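Notes follow the structure.
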Amino acid sequence: MKLPKGSVSAILSHDGRTVVVGVGQGSELTLQTYSSATGQPAQVLWKRQQDATPARISPDATGHHLLAVGDDGRLYARGGAVPAQDFSDAAW
């Protein structure tokens, strides 16, 4: 599967049907799902107006919540961002 321009991290969903991709383009950071069968975009999970690239993505145990570590020294979630260098800086 070819990842979209600006992406540097991706994870496979628990059921294997989708791939969550972190994309940083311009001043926007986006987490979006893509079909693992077709490679087509599926659902935008969240967008943040930040000039950062998601260096790593991590799901919680349920697979329904995601954290992204940006290359700007921040930890991103759907509701906001906090200063953090790694996932170990979060109670996850």
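Run the simple label-point estimate for residue 37 and residue 17 please: 7 Å along Cα→C-beta, distance reported in nm.
0.8 nm
Assign one of three labels to the chain, namely rounded, prolate or oblate, based on the Cα gyration tensor with a ≥ b ≥ c the square roots of its eigenvalues; rounded applies when a/c is under 1.5, prolate when it is not and a/b is larger than b/c, and oblate otherwise.
Values: a/c = 2.06, a/b = 1.31, b/c = 1.57.
Oblate.
Ordering 76, 34 by how much accessible area each has at a 1.4 Å probe, largest first, what is the list?
On the way: 76 0, 34 20 Å².
If we order 76, 34 from most to least accessible, we get 34, 76.
Amide H to amide H under 5 Å from residue 9: which residues, 5+ apart in sequence or cross-chain, H placed 1.01 Å off N in plane?
22
Could you tell me the relative contact order of the chain? Use alpha-carbon pairs under 8 Å, at least six residues apart, and round to a whole percent.
19 percent
Search the structure for amide H atoms under 5 Å from the amide H of residue 55, placed 1.01 Å from N in the peptide plane, and list their residues when 5 or more places away or on another chain.
69, 70, 71
Suppose the chain between residue 87 and residue 51 were pulled fully straight at 0.36 nm per residue; how much longer would it get relative to their current alpha carbon spacing? Don't jump to the answer; show the numbers that get you there.
Values: separation 36, 0.36 × 36 = 12.96 nm, distance 1.95 nm.
Contour length minus Cα-Cα distance gives 11.0 nm.
List every residue whose amide H lies under 5 Å from the amide H of residue 25, counting only residues 5 or more places away in sequence or on a different chain, with H placed 1.01 Å from N in the peptide plane.
Sorted by chain and number, the residues that satisfy this are 30.
The values are calculated or read from the model by the stated rules, or taken from the named source; none is laboratory data. Here the structure is a predicted model, which means the values were calculated and not measured. Cβ: placed from backbone, ideal geometry, glycine included. Neighbour counts: every protein chain shown. SASA here: full protein model, heavy atoms, side chains in, ligands and nucleic acids out. Shrake-Rupley method; radii C 1.70, N 1.55, O 1.52, S 1.80 Å.
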